[in-house]
Ligand code: SAH
């Protein structure tokens, strides 16, 4: 598990690409500049690790595109110590970026293989999520609610109600909504039953699966 000057150099180039694509948050860019993305992929894929592309990983899943991770992270407006729920841990790359942003991260994954692998892997890199959970993200995590923000990293066919209700007042839910193509949505909780909704551009994610699938 090496992180060499070569890796660091490639990572800086990636950060510059994200800046060119209009990612503005210095904190997010700094976090992306720190997380050794190549270690989240199977060895042999170094040539791909610092391209701005999604990439296949175990269990038919993907590591999200760096631009997508940066875009969603920026929408969360993370401040130090924020309690954040992530749905779709996958390989843990987004989780690591949130840890770099000094959030307290809770993350749910429904694939046992990935859950086990990532639970072992993240601490090896020094990334300590508050809790990694094997379970169904549609339900959120009622025992730990409310959250400062919630990020969904799989394409949701609809917005699960529990996620909205587990936000603090002022809290933010960032969720890609749609079937084949998703629209990035931001919900800000304004009151017990009031939410402000913003829509951003199109993205493509693997689907947020319901337990019956
Ligand atoms: N956050 C990851 C992206 C993972 S891809 C990254 O940084 O690269 C999306 C993940 O969501 C997959 O691992 C998939 O297994 C998981 N997923 C799909 N449906 C889910 C559900 N209902 N609950 C929790 N995780 C789910």
- When residue 105 is evaluated against the numbered criteria (1) more than 18 Å from residue 3 (Cα to Cα); (2) in a loop (DSSP other than H, G, I, E, B); (3) more than 10 Å from the ligand (Cβ to nearest atom), which criterion, by number, is the only one it fails? (2)
- For residue 16, indicate whether it is on the phi > 0 side of the Ramachandran plot, surrounded by fewer than 21 Cβ atoms within 10 Å (Cβ to Cβ) and either away from the ligand (no atom under 16 Å from the Cβ) or not in a loop (DSSP other than H, G, I, E, B) (or both). no
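Residue by residue, here is whether (1) within 15 Å of the ligand (Cβ to nearest atom); (2) at negative phi; (3) part of a loop (DSSP other than H, G, I, E, B) holds:
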| residue | (1), (2), (3) |
| --- | --- |
| 118 | yes, yes, no |
| 149 | yes, yes, no |
| 176 | yes, yes, no |
| 186 | no, yes, no |
| 193 | no, yes, yes |
- Task: Starting from residues that are part of a loop (DSSP other than H, G, I, E, B) and more than 12 Å from the ligand (Cβ to nearest atom), keep the ones in the range 73-102 and report whichever is surrounded by the most Cβ atoms within 10 Å (Cβ to Cβ).
- Result: 78
- Is it the case that residue 70 is within 27 Å of residue 25 (Cα to Cα) and more than 9 Å from the ligand (Cβ to nearest atom)? yes
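When the range 120-140 is examined, which residues are found to be part of a loop (DSSP other than H, G, I, E, B) and under 19 Å from residue 101 (Cβ atoms)?
Passing the criteria: 125, 126, 127, 128, 129, 130.
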- Return yes or no: is residue 162 part of a helix (DSSP H, G or I), more than 11 Å from the ligand (Cβ to nearest atom) and under 28 Å from residue 12 (Cα atoms)? no
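Read-outs: derived from the displayed coordinates by stated rules, not from any lab. Everything numeric here is computed off the predicted structure, so don't read it as measured data. When we count neighbours, we look across all protein chains shown, and the Cβ atoms used for this are built from the backbone with ideal geometry, even at glycine.
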